[in-house]
Amino acid sequence: MRSVVTLSVVLSLAATPAFSTTLGFAIANSSDTFQSGLLKAVEDAGKKAGATVKVADAKADPATQMEQIKTLIASKPDALIAAIIDSDMGAEVSKLATAANVPLVFVNNTPANADNLPPKETLVASEEVQAATLQGKEVCRLLNGKGKAVILTGPLYHSAARTRTSVVQKIFSEAPCNGIQVVERQSADWETDLAAQQMREWLKAGVTFDAVIANNDSMALGAIEAMKQNGMDMKKIVVAGIDATADGKKAMMAGDLAVTVLQDADNLGKSSVDAAMKLASGETVPPRINVAFKLVTPANLDQFVAKTQ
């Protein structure tokens, strides 16, 4: 089991030469399944590039992360990669990095200042509108444009959670999907246990639905767990997630998860390290580097199983 400690060098240096490049990586929460995959991708890509990677794990606490970022910047890395918790942190992080002349790569969560990044900064991310559109339209197709749905969202301060939710709701407000009614919507903070708890509360309250739409696979799996404990027939409920995690794909193979969307943590990590290394060496990179989402269903699941398993 990998142990991530605050501001530790997460690379084995035994029997290896000193690295010439140091990258800082401020990660939101390594306990999250997707973030864990992103961390591994950054570590692996950093090692392959010949860089030392200093990792700071905020464990989902924005205040902690800001202090960690300040400490990382003060250590004068050749570049900083930041998977920020709160989109609104972006401007302050940019300001700190610019003042210290540290190149900055935002990854995954789009900062609020993404359209006005200073020089030597970029964003490596996937377009959340695309993810939600793929998810929402596939759910609409499976429901034939009518039915009742509940939505489990990530934390509202996270730009991805807001976008994934609002885009799905917009799809359901327009033909041919406007026969789908969202009867409940609650945040479960990306967490499996919180999603299971929320689903149990809905079922106890007598909420009925034809589909469960979750902003990520972890929450979809929590909902599935609670529904199965309640004796529900999963063949009669369309459950949709996002991320195409290993556990999510296992649930799809079992017939419990109908829809997910691949958010490619591996390519996000590789691309962020590549951008950081280029910025560190004085090269220019585009202000945004996009990593595409891909729809995953039982029909094409075999194309993606080897990706994270």
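Figure legend. Inter-residue proximity from the range 153-168: first residues among the β-branched types (V, I, T), second residues part of a loop (DSSP other than H, G, I, E, B), beta-carbon distance below 7 Å, spacing 6+ or different chains. Indicated pairs: T153/N215; T165/N215. Taking the numbered list (1) under 17 Å from P111 (Cα atoms); (2) without any contact (Cβ under 8 Å) to a residue 40 or more places away in the chain in turn, I85 passes all entries but (2). T6 satisfies every condition listed in (1) modelled with pLDDT of 95 or more; (2) touching an Asp or Glu at 6+ places or on another chain (Cβ under 8 Å); (3) not in a helix (DSSP H, G or I) except (1). Close Cβ contacts (under 8 Å, 6 or more residues apart or on different chains) running from residues in the range 210-232 that are outside the structural domain of W190 (by TED's automatic domain parsing) to residues that are modelled with pLDDT under 95 and surrounded by fewer than 24 Cβ atoms within 10 Å (Cβ to Cβ) are absent.
Summed over the range 140-152, the residues that are touching a residue at least 40 places away in the same chain (Cβ under 8 Å) and farther than 30 Å from A60 by Cα give a count of 5. Residues in the range 281-304 that are among the hydrophobic types (A, V, I, L, M, F, W, C) and touching a residue at least 12 places away in the same chain (Cβ under 8 Å): V285, I289, V291, A292, F293, L295, V296, L301, F304. Restricting attention to the range 176-202, the residues being touching a residue at least 40 places away in the same chain (Cβ under 8 Å), over 17 Å from the mean Cα position of the chain (by Cα) and outside any helix (DSSP H, G or I) number 2.
Being among the β-branched types (V, I, T) and over 17 Å from the mean Cα position of the chain (by Cα) is the filter here, so list the residues in the range 56-96 that pass it. Selection gives T64, I69, T71, I73, V93.
Given I69, I85, I73, I81, which one is buried (at least 18 other Cβ atoms within 10 Å of the Cβ), within 24 Å of P287 (Cβ to Cβ) and touching an Asp or Glu at 6+ places or on another chain (Cβ under 8 Å)? Within the list I69, I85, I73, I81, the selection yields I85. Within the range 97-134, the set of residues being part of a loop (DSSP other than H, G, I, E, B), farther than 14 Å from A26 by Cα and more than 20 Å from the chain's Cα centre (by Cα) comprises A100, N101, L117, P118, P119, K120.
Any residue at all in the range 257-266 that's surrounded by fewer than 24 Cβ atoms within 10 Å (Cβ to Cβ), under 23 Å from S159 (Cα atoms) and touching a residue at least 12 places away in the same chain (Cβ under 8 Å)?
Keep residues of the range 257-266 that are surrounded by fewer than 24 Cβ atoms within 10 Å (Cβ to Cβ), which gives 258, 264, 266.
Cutting the leftovers down to under 23 Å from S159 (Cα atoms) gives us 264, 266.
Applying the additional criterion that residues be touching a residue at least 12 places away in the same chain (Cβ under 8 Å) yields 264, 266.
Yes, the range 257-266 contains at least one residue that is surrounded by fewer than 24 Cβ atoms within 10 Å (Cβ to Cβ), under 23 Å from S159 (Cα atoms) and touching a residue at least 12 places away in the same chain (Cβ under 8 Å).
Among the conditions (1) free of Cβ contacts under 8 Å to residues at least 24 places away in the same chain; (2) over 30 Å from P77 (Cα atoms); (3) part of a helix (DSSP H, G or I), the only one that K278 does not satisfy is (2).
Could you please let me know if E174 is more than 18 Å from W202 (Cβ to Cβ) and either touching a strand residue (DSSP E or B) at 6+ places or on another chain (Cβ under 8 Å) or not assigned by TED's automatic domain parsing to the domain that holds S87 (or both)? Yes: the conditions hold for E174. The residues on offer are V285, V239, and the sole one that is in a loop (DSSP other than H, G, I, E, B), surrounded by 16 or more Cβ atoms within 10 Å (Cβ to Cβ) and more than 17 Å from the chain's Cα centre (by Cα) is V285.
The values are calculated or read from the model by the stated rules, or taken from the named source; none is laboratory data. The structure presented is a predicted model; accordingly, all values stated were derived computationally and were not measured. Using ideal geometry, Cβ is built from the backbone for each residue, glycine included, and neighbour counts are taken over all protein chains shown.
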